[in-house]
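In what follows, a structure is listed as structure tokens, so that the remarks can point back to it.
The values are calculated or read from the model by the stated rules, or taken from the named source; none is laboratory data. In this text, all values refer to a predicted model and were calculated from it rather than measured experimentally. Please note: Cβ atoms are built from the backbone with ideal geometry, for glycine as well, and neighbour counts cover all protein chains shown.
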Amino acid sequence: MTGTSQQQAEQSQTAWMRSQDGINVKSSLNDIKVFAYGAYDSLDLDGDGFVTQAELSNAFTDPAAGWREKSFLLFLIRRIEDIASAYDEEWASDKRGISRVDLQEYFDQIEVHEDGTCEAAPRPEAWKKVPVPSGGINLSQTFQDIHEFALKTFDTIDQDGDGFLSRQELQNAATEDLTGWREKSFLIFLMRNIEAISKAYDEHWAPENAGISRMDLQEYFRLLRI
């Protein structure tokens, strides 16, 4: 992007931020975030983990929605492309809207100044050093295989459907009679490194020690490739 086009984009963004209906964006930013987190499940009508523009519009036209909630929804609708691109979910083949991680990354980055201008601060690296993993296999050759296996079997292993793989769920899968030796070695790797993997991405909304999420897997194996 050239300097001129970037300046025009910033001016356009500033004008948009100042034109929000019914709210002061700077003072309401935390309220918008709290609202989006709290209302996420009810907004995500099809339960696919992404809130689409149609789902936001549906909530906006609900007669029961108050004016302040409508202004928050309008904020999300107008910024859906920016928010939806805040985090790249590698496992989402057809990303159609805003995920919880998008919300977290977007609100972590955005900063609105007193004059109405805004900027996105880069997210600091969560790790300075990646822990050395273990698991009884040649990791240099199988990192990608482990990653692909974990993503492919995630829903099957996640028996309670909470979006996290617990140690017990991994153990259940490893002791399954139909699980082959190679898959068992992958599961053992995940169990032995569950603490490090589960800390790879900090989901603000998730309970402590919930287990391994898809975001954790993506960030952990991405950092191992560095």
query = All but one of (1) under 30 Å from E219 (Cα atoms); (2) among the aliphatic types (A, V, I, L, M); (3) modelled with pLDDT under 85; (4) not in a helix (DSSP H, G or I) hold for L45; which doesn't?
reply = (3)
remark   = For the stretch 49-67, pairs from a residue that is part of a loop (DSSP other than H, G, I, E, B) to a residue that is among the polar types (S, T, N, Q), with Cβ under 7 Å and 6 or more apart or across chains, are G49/S99; F50/S99
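Kindly indicate whether K152 is exposed (fewer than 15 other Cβ atoms within 10 Å of the Cβ) and among the charged types (D, E, K, R). So that I can check it myself, show each step before the final result.
Values: exposed (fewer than 15 other Cβ atoms within 10 Å of the Cβ): yes; among the charged types (D, E, K, R): yes.
It is true that K152 is exposed (fewer than 15 other Cβ atoms within 10 Å of the Cβ) and among the charged types (D, E, K, R).
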remark   = From the option list A54, A64, A84, A59, single residue qualifying as modelled with pLDDT under 85 and either over 23 Å from L217 (Cβ atoms) or not charged (D, E, K, R) (or both) is A84
query = Taking the stretch 183-226 only, how many residues are closer than 21 Å to Q168 by Cβ and basic (K, R)?
reply = 4
ask   = Counting only residues that are without any contact (Cβ under 8 Å) to a residue 60 or more places away in the chain and not hydrophobic (A, V, I, L, M, F, W, C), how many does the stretch 200-219 have?
value = 6
inquiry  = Looking at I98, I146, I77 in this structure, which one is modelled with pLDDT of 80 or more and outside the structural domain of I32 (by TED's automatic domain parsing)?
reply    = I146
query = Any idea how many residues of the stretch 27-52 are buried (at least 16 other Cβ atoms within 10 Å of the Cβ) and either among the charged types (D, E, K, R) or within 18 Å of the chain's Cα centre (by Cα) (or both)?
reply = 12
